[in-house]
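In what follows, a single structure is set out as structure tokens and then discussed.
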Amino acid sequence: MEFLLHFHVHSNQRDLLIELLQSYSGLQPVQTKERTDDLLDNILADTNADPDYYVVNQSSSHWQSVECNSFKRLHDLGRLLSEKMRTLFIQTLYCSAGEYAYFLVYDQGKMTREIEGTGKPVPRINRGDVFPFETKEADGERTNKIRQFDLDIIAHYCLNMGIDISNLTNEEYSVVLEGKRPREVLYHVERDKLRALWEIEQEAEKKLMPGKEKE
């Protein structure tokens, strides 16, 4: 199963973003980690729950990209960050099961675009101002009559706004805000398989290189 759980803030003000995220989430302290492979093992089962795990990276020269562990539509957070930072906020969600796709934009505190696709020919939600790069009718008028809103369209929209969702980690270390309270999370069978294969490979390497453990 493939997941995409990010929001993006058009800003170089990393410290302000972290400060606002801490205030919004109540999560302390901020950690710096080289790898955060466990976020996808902690996706909240409650789709209306606020994230309690945020991983912040500067994905390009003008965008901060934040991976989080919730499928909640982050209207409150989008409004807050875009207003306080006077900038654009974009949320991108995708789950390969059911081909769920979601795209949300706030600009300086105002929601300007929201699209939700569920694998059907017509999006369940499609509202807001049409972007210049969106499909045009034969007469040249821009329209928001999208068909089959999916991951490819999310990627296309993001590229047009300066975000490459295939390359969101461009720093050696990530800034992490993580909660510790118990909560129900989604079971990710594919990641368990990959983890088991990795452990088998590690054991095989140890047997081939018996002196490695002593180094």
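Quick note: the coordinates plus some simple rules give every number you see, no bench work behind them. Since the model is a prediction, treat every value here as computed from it, not as a measurement. Don't worry about glycine lacking a Cβ; one is built from the backbone with ideal geometry, like all the others, and counts go over all protein chains shown.
Mind jotting down the distance between the C-alpha centroids of the stretch 1-48 and the stretch 72-119, whole Å?
Answer, in whole Å: 15.
Suppose R0 equals 22 Å. What FRET efficiency, 1/(1 + (r/R0)^6) with r the Cβ-Cβ distance, do LYS206 and GLU34 give to the nearest 0.05?
0.45
Under 19 Å from the 7 Å Cα→Cβ point of GLU2, by amide nitrogen: which residues of the stretch 54-68?
Label zone hits: 67-68.
Tell me, what is the FRET efficiency for ILE125 and GLU184 to the nearest 0.05, using R0 = 30 angstrom and their Cβ-Cβ distance as r?
Numbers: r = 26 Å, r/R0 = 0.87.
The formula returns an efficiency of 0.70 here.
Working only with C-alpha atoms, what are the Rg and Dmax values of the stretch 3-184, expressed in angstrom?
16.2, 56
Report, to one decimal in Å, the Kirkwood hydrodynamic radius for the stretch 1-66 based on all distinct Cα pairs.
13.2 Å
Can you tell me the length gained on complete extension of the stretch ALA97 to LEU16, counting 0.36 nm per residue apart and subtracting the Cα distance?
25.6 nm
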